[in-house]
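Student: Please find one structure pasted underneath; my questions will follow.
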Amino acid sequence: MDALTAQRPDVTVYTTHDTRGPVLELTAPLVAEPLSVRLKRPDVVRERYARLGRGIAAATSMIGGGRQRIELATAGQVLADIAEAGQVFLGYALRDPLADVNNLASFLRAACPTWRNGQARVPLIHAVAEPDDYFPWELLPLFEPSATVEVRDQPGLEDAARVFPGFATVVERSTPDRVPDGLLLNGWNRLPVRVIYDANLDGAHAEVGFFRGRGRLFRLEGPYPRDVTDTGAPTLAQQLCDPALGVDGARRSYADQIVHFACHCEADGGDTATFAYRLADERRRGLVILLDKLVGELVRRSPAGRRADKPLVFLNACGTAVMDPASAASLLKPFHDNRNRGIIGTAANVPDRVAAEISKHFYTNLTGRAQTVGEALHGAKWRLLEDRGNPLGLLYGIHAAASIRVAPITTLQGVR
């Protein structure tokens, strides 16, 4: 896939509104007739997101945070429980669920005929919606919504995963009023990556170690915070506004291309006043950054002129707190408002060691295999499923053009 000529979507979805509420408008080159699916009132859908989040949290709690392989029966049960939570969500969120679920499945199967074939080109779903109209395409068993998940072997596990668009396709998101910024991340003389972390998480240390161990590929800035007692250090908002500002306050001759978060996130319920990013310095002293405070400071500090080269953000949310998909999407608001090039985020908190493994595979694919962001994340999800039997890659989504890539590419050797 050429990052300058992005793949044509197999499905395009616009979320619109009329007097009766939200509407999903689907079109596809291989399907003659468009499909319209009505959702219930936003407050009803929001309540169902909270229940979906609790269902996902209960399912994922069966998986430990280590690197051991997951038992097939456990992995299969996790997918079955997430599928059931998704079925319940569809039953309550759609205005005509009995008709619409079948119509959605038939449309997607016709539009993406290779969805079952792991060796074929991966279909692309392009979802256009305002951030507040987030819809959890990846998490719903839309290709076979009535299927019963029964896993007896690894191929069976992979078949069960493919009923979810999060495994069968790449889903990219955009907003209606925004033209995508440049699709190339500048990898000349190493790829600049800023790390924001919680040093209380072992997985966060593993992610920092990955970047440090590959200094010929990555130009690491941070990690931040260095010292939470240093009142003169740049704030997170200052760093997001100025990609060339170092964590020590000095300006660099280059700008961040990626800002990578490895931290605990809190976002449950509808009150954003309690939503937060939990960081900690190397002495494990905590720093809590409230979502609303970050949004407000970004407004105050935003420069008059808009830069077109704000970095890609990877919000690798770690931890065990319950976080529903819509609340998780709310944590992306500062980066949308900051006009960052795009965001990779999770629909729920992921165990930190699992998050570190996804991160390693993603960056290996992105920098070493010349893959786009969409290909790199898709490959990382499948690598985790194939190597560990772990389906939690399903929780990762792309709020960006999937065709973003690094250029020029340095060959990555010795990393698997």
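The values are calculated or read from the model by the stated rules, or taken from the named source; none is laboratory data. None of these values were measured; they are calculated from a predicted model. Methodologically, a virtual Cβ is constructed for each residue, glycine included, from the backbone with ideal geometry; neighbour enumeration extends over all protein chains shown.
Student: With the requirement that a residue be surrounded by 23 or more Cβ atoms within 10 Å (Cβ to Cβ) and assigned to a helix (DSSP H, G or I), what does region 171-208 give you?
Tutor: Gly203, Ala204, Glu207
Student: Here's something else I'd like to know. Might you check whether a residue that is in the same structural domain as Glu158 (by TED's automatic domain parsing), of a type in the set (A, V, I, L, M, F, W, C), in a strand (DSSP E or B) and more than 23 Å from Ala160 (Cβ to Cβ) occurs anywhere in region 37-60?
Tutor: There is at least one residue in region 37-60 that is in the same structural domain as Glu158 (by TED's automatic domain parsing), of a type in the set (A, V, I, L, M, F, W, C), in a strand (DSSP E or B) and more than 23 Å from Ala160 (Cβ to Cβ).
Student: Regarding Asp256, is this residue surrounded by fewer than 24 Cβ atoms within 10 Å (Cβ to Cβ), acidic (Asp, Glu) and not assigned by TED's automatic domain parsing to the domain that holds Arg46?
Tutor: no
Student: Hey, another quick one. Quick check on my filter: what residues within region 123-153 are farther than 21 Å from Pro325 by Cβ and modelled with pLDDT of 95 or more?
Tutor: The one that is farther than 21 Å from Pro325 by Cβ and modelled with pLDDT of 95 or more: Pro123.
Student: State all residues of region 209-247 that are in a helix (DSSP H, G or I), closer than 19 Å to Asn365 by Cβ and in contact (Cβ under 8 Å) with a residue 12 or more places away in the chain; if no residue qualifies, say none.
Tutor: Across region 209-247, the qualifying residues are Phe210, Phe211.
Student: Further question: Have a look at Thr235, Thr231 and point out the one that is more than 19 Å from Leu315 (Cα to Cα) and of a type in the set (Ser, Thr, Tyr).
Tutor: Going through Thr235, Thr231 in turn, the sole match is Thr231.
Student: So which residues in region 75-92 are of a type in the set (Gly, Ala, Ser), buried (at least 20 other Cβ atoms within 10 Å of the Cβ) and over 20 Å from Leu26 (Cα atoms)?
Tutor: Answer for region 75-92, where residues must be of a type in the set (Gly, Ala, Ser), buried (at least 20 other Cβ atoms within 10 Å of the Cβ) and over 20 Å from Leu26 (Cα atoms): Ala75, Gly76, Ala83, Ala85.
Student: What tally of residues in region 227-245 results from selecting those that are within 18 Å of Asp198 (Cα to Cα) and within 26 Å of the chain's Cα centre (by Cα)?
Tutor: Going through region 227-245 one residue at a time, the tally reaches 5.
Student: Please determine whether any residue of region 287-296 is within 26 Å of the chain's Cα centre (by Cα), part of a loop (DSSP other than H, G, I, E, B) and of a type outside the set (Phe, Trp, Tyr).
Tutor: There is no residue in region 287-296 that is within 26 Å of the chain's Cα centre (by Cα), part of a loop (DSSP other than H, G, I, E, B) and of a type outside the set (Phe, Trp, Tyr).
Student: Taking the condition assigned by TED's automatic domain parsing to the domain that holds Glu25, in a loop (DSSP other than H, G, I, E, B), farther than 18 Å from Ile398 by Cβ and within 22 Å of the chain's Cα centre (by Cα), does Phe135 pass?
Tutor: No, not satisfied.
Student: Specify the residue that is surrounded by the fewest Cβ atoms within 10 Å (Cβ to Cβ); the eligible residues are those in region 93-145 that are touching a residue at least 12 places away in the same chain (Cβ under 8 Å) and of a type in the set (Gly, Ala, Ser).
Tutor: In this case the residue turns out to be Ala110.
Student: Which members of region 255-300 meet the condition of being in contact with a Gly (Cβ under 6 Å, 6 or more places away or on another chain) and of a type outside the set (A, V, I, L, M, F, W, C)?
Tutor: His264
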